[in-house]
Each structure stands twice: as structure tokens, then as C-alpha cells.
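Pasting a structure here, questions to come.
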Amino acid sequence: MTGKLDYRWHLRQVMATRDMFSTTDLLEPLAERGITLSSSQVYRLVVDRPERLSLKILMALLDILDCTMEDLIEPTAAAGTTKMSRAAGGETGVGSLRPRRARITPVKE
């Protein structure tokens, strides 16, 4: 692949193939491997795509689920990135039409 890379996180699917349907099913196996996470942290790990992940946690997941990194992480091409607008209100205007910048002038008395 060329260009920017992204990934898909398949922890929930891999857990389901191992008859693990509750996020709390990981709490005890992780604790047995010396990793203490709260139930909400495990929930976020399973449900959301992690942006940062400890290698110890990754290795524990691979061991618990008896899978490979390719099973959990699927590299993909990044979706087209949109350019951030400099306007404070976000994207304004329609297509190439944009409002003109307002000028604020003091009121003369």
C-alpha cells in the first residue's frame, strides 16, 4: 500500500469467534497475565478503535485469544482527509461560494 495508512480493529469479532460476547470476559484473563484494567477501559478497548495500545496488552490479547496480529489489526488505506477550515465556525459556504469576511467598525456617536 502506498500513501497514508489506517487500520481496522477486529477485537470484538475475534472475541465472538471464541464465544466471548461480553467485554468483561477479558478482565480475568488479563489479570492473570498481570494487566489490571477497569471494566470501562476493557469496554473501550473492545468497542472503540484504540489510538494507543501498550505492547503488553496487545501481547496479552494475542495470547488470550490465541490469534495473530493480522487477526486483530487490518491495515487499510486512509480515507481521504478533509482540509480543516480556518473559519471559527467550521466549513461555511456552498461549494466554491463563500461568505465575505465581515468588517466590524466602531459606531460613531
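All of the numbers you see were taken from the coordinates with simple rules; none came from a lab. Note that this is a predicted model, so its numbers are computed, not measured. Virtual Cβ from ideal backbone geometry, glycine too; neighbours counted across all protein chains shown.
Do any GluC sites (Glu not before Pro) in segment 1-79 lie in a DSSP loop with no more than 15 other beta carbon atoms within 10 Å, and if so, which?
Hits after loop and neighbour filter: GLU51.
Separate question: Once phi is turned into ³J(HN,Hα) by the Karplus curve 6.51 cos²θ - 1.76 cosθ + 1.60 with θ = phi - 60°, what whole-Hz value does each residue of segment 62-75 show in order, with x for glycine and proline?
So the J values, rounded to whole Hz, are 4, 5, 4, 8, 6, 9, 10, 4, 5, 6, 8, 10, 10, x.
Once you have all Cα-Cα distances for segment 7-70, histogram them in 10 Å bins from zero and send the whole-percent values.
Computed distribution, short to long bins: 21, 65, 14.
Using amide H atoms built 1.01 Å from N in the peptide plane, name the residues 5+ places from TYR7, or on other chains, whose amide H lies under 5 Å from its own.
Those lying under 5 Å, H to H, from TYR7 are THR76.
Additional query: With r defined as the distance between the Cβ atoms of THR24 and ASP63 and R0 fixed at 22 Å, what FRET efficiency is calculated, to the nearest 0.05?
0.75
Now a separate question. Taking the Cβ-Cβ separation of GLU51 and ALA77 as r and a Förster radius of 25 Å, what is the calculated FRET efficiency to the nearest 0.05?
0.90
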